[in-house]
1. From the C-alpha coordinates alone, can you work out the Kirkwood hydrodynamic radius of region 125-168, in Å?
2. Only Cα pairs within less than 10 Å get springs; with that Gaussian network setup on the chain, which residue of Ala84, Ala156, Ala233 has the largest fluctuation?
3. So how do Leu238, Leu149 rank on accessible area, 1.4 Å probe, biggest first, that is with the largest at the start?
4. Considering only Pro162, His198, Leu114, whose Cα is most displaced toward the positive end of the charge dipole of the chain, charges sitting on Cβ of Lys, Arg (+1) and Asp, Glu (-1)?
5. Quick check: from the Cα gyration tensor, does region 146-241 come out rounded (a/c under 1.5), prolate or oblate?
6. Remind me, relative contact order of the chain in percent, using alpha carbon pairs under 8 angstrom and six or more residues apart?
7. Starting from the eigenvalues of the Cα gyration tensor, five times each then square-rooted, give me the equivalent ellipsoid semi-axes of the chain, largest first, whole Å.
8. With no solvent and one point on each alpha carbon, what is the Debye value of log10 I(q)/I(0) for region 90-203 at q = 0.19, 0.22 Å⁻¹?
Amino acid sequence: MLIILPPSETKRPPPESGSPLDLDRLSFPSLTAMRERVMDALIATSQRPDALRRLFVRPSLAGEVARNEHVRDLPTRSAVDTYAGPLYEGLDARSWSSHAEKRAARQLVIVSALWGTVRPTDRIPPYRLNVCARLVGMDRLEPAWRALLPPILLEAARRRGPVLDLRSRVYQAVGRPTGLDDQTVTLRIRPSPGGPAHIGDVIAKRIRGEAASHLLSSVADPEDPLDIADLLATRWSLEVDPPAGRNRSWTITLQSDA
């Protein structure tokens with residue numbers, strides 16, 4: 001099983017001290033050259049007067065853009081501890097057992113506009129960069145990463161899957177595991193009966209994180225999308241929709257308990 005997570009716009013601040021970024025120690029070393037290129041462009045863009053517009057950042061977050069200028073020198077944390085949005089709150093990596101940590105190290109990747117793909121234990125600094133940003137001296141990031149990531153994700157999935165892809169469509173567009181659409185699962189979240197009419201984005205992301213953590217904590221090792229559904233069904237009510245047509249994935253709809 002491979003679980004693919006998106007990044008989070010919200011990140012924990014750097015620790016007061018610690019080792020700075022070492023690109024050579026990140027997983028997936030074939031991406032090092034592209035990471036260098038994107039990071040150089042991000043630093044240059046963050047120094048410009050139009051940085052907020054290029055990075056699609058609100059004025060209230062100007063300090064995070066300024067921090068981008070020092071991204072090479074900031075102390076680092078593990079990637080799973082750096083990202084701090086609602087999905088990562090639901091993932092709650094600090095509560096993982098040693099069994100879940102070992103599985104995450106093998107079966108979980110995070111897709112990022114800056115790093116491409118990283119493993120949860122890779123040490124990275126906080127940064128502000130969306131995949132839709134317009135960096136100085138670069139074309140769009142989405143197709144640039146899409147030229148590199150699909151075969152890397154295929155290898156991470158051991159060339160057979162199953163794959164649980166928890167990214168938004170924007171981040172799915174940077175690349176999916178080559179040829180594994182019929183082994184890929186996406187999650188939808190629906191309200192519980194008698195609950196609110198709609199599920200907010202924050203709650204939906206948190207539940208996706210909880211689902212990933214639930215699978216990593218299981219003693220079972222899913223071999224196909226229906227195995228993923230069976231494991232999730234031990235906690236949530238759900239519906240399963242198989243692929244419809246070519247190049248389509250499975251959809252599992254979880255019922256929120258919120």
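The values are calculated or read from the model by the stated rules, or taken from the named source; none is laboratory data. None of the values given here were measured: they were computed from a predicted structure. Positions of Cβ are generated from backbone atoms using ideal geometry, with glycine treated the same way; all protein chains shown enter the neighbour counts. To get the accessible areas, we keep the full protein, side chains included, count just its heavy atoms, and leave off ligands, DNA and RNA. Shrake-Rupley method; radii C 1.70, N 1.55, O 1.52, S 1.80 Å.
1. Final number for the Kirkwood radius of region 125-168 is 12.7 Å.
2. It is Ala233.
3. Leu238, Leu149
4. Positive-end residue among those listed: Leu114.
5. oblate
6. Once divided by the residue count of the chain, the mean separation gives 24 percent.
7. One finds semi-axes of 31, 20, 19 Å for the chain.
8. Per q value, in the given order, log10 I(q)/I(0) is -1.18, -1.33.
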